[in-house]
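> What follows is a single structure, and I will ask about it in a moment.
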Amino acid sequence: MPVDRNKMLRYQVLNTCFQDTSRHYHIGDLVDSCNRELRRYDLREVSKRTVQLDLQTLQAEPYNVEFDPDLKEQNIYRYADTSYNLELLKLTAPDRDALTRTIEVLRRRYSDPDEQNPQWQ
C-alpha cells in the first residue's frame with residue numbers, strides 16, 4: 001500500500017471545514033478546499049473519491065468523527081459538536097520527552113556556540 005504523503009494536510013483542511021459554521025460544505029466544496037491548499041504547496045490535486053475515502057477513514061477508529069446528522073442528510077459535512085478539533089498528532093509524555101531529548105542532542109551537535117543558527121553538515 002503506498003504512503004499518502006498529503007493525507008495529513010488534507011485532514012487538516014477537512015478539520016477546518018468541519019469546524020466552520022459560517023458556510024455549508026458539500027463534497028465538492030471539500031474537494032475544492034483540499035485542492036486549493038495542495039496547490040499552495042505545489043502538490044498533486046486529489047479527486048472526489050480520495051476525499052470520500054478520507055471521510056470514511058475519519059469516521060472510523062482512531063478518529064471517530066461524528067457529523068451533524070441533520071446536515072448529513074442534506075450531504076453537508078460539519079462536526080456534530082462544532083467545538084470538536086481533530087487531533088492528528090497525539091504524543092504521549094514519553095514520546096514528547098524522547099523528541100525533546102533528540103532535539104537537544106541535535107542542537108548540541110549541529111549548532112553554533114550561541115545555538116541560534118544550526119549548521120547542518
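> Can you find a residue that is at pLDDT below 90, assigned to a loop (DSSP other than H, G, I, E, B) and polar (S, T, N, Q) anywhere in region 75-83? Give the steps one after another, and end with the answer.
Narrowing region 75-83 to residues at pLDDT below 90: 82-83.
Then keep just the ones that are assigned to a loop (DSSP other than H, G, I, E, B); that gives 82-83.
Next, only the ones that are polar (S, T, N, Q) stay: 82-83.
Within region 75-83, one or more residues are at pLDDT below 90, assigned to a loop (DSSP other than H, G, I, E, B) and polar (S, T, N, Q).
> Show the residue pairs that are 6+ apart or on different chains and have beta-carbon atoms under 9 Å apart, the first residue being within region 38-65 and under 14 Å from Phe18 (Cβ atoms), the second being among the hydroxyl-bearing types (Ser, Thr, Tyr) and in a loop (DSSP other than H, G, I, E, B).
Between residues of region 38-65 that are under 14 Å from Phe18 (Cβ atoms) and residues that are among the hydroxyl-bearing types (Ser, Thr, Tyr) and in a loop (DSSP other than H, G, I, E, B), the close pairs are Leu55/Tyr77; Thr57/Tyr63; Val65/Tyr84.
> Further question: Give the residue, chosen from Arg96, Arg39, Arg23, Arg109, that is in a loop (DSSP other than H, G, I, E, B) and either of a type in the set (Lys, Arg) or surrounded by 11 or more Cβ atoms within 10 Å (Cβ to Cβ) (or both).
Within the list Arg96, Arg39, Arg23, Arg109, the selection yields Arg23.
> Against the condition modelled with pLDDT under 95 and at positive phi, how does Asp42 come out, does it pass? Talk me through it step by step, then tell me what you get.
Working: modelled with pLDDT under 95: yes; at positive phi: yes.
Answer is yes for this residue.
The values are calculated or read from the model by the stated rules, or taken from the named source; none is laboratory data. Keep in mind the model is a prediction, meaning the values are calculated, not measured. Every residue, glycine as well, gets a Cβ built from its backbone with ideal geometry; the counts of neighbours run over all protein chains shown.
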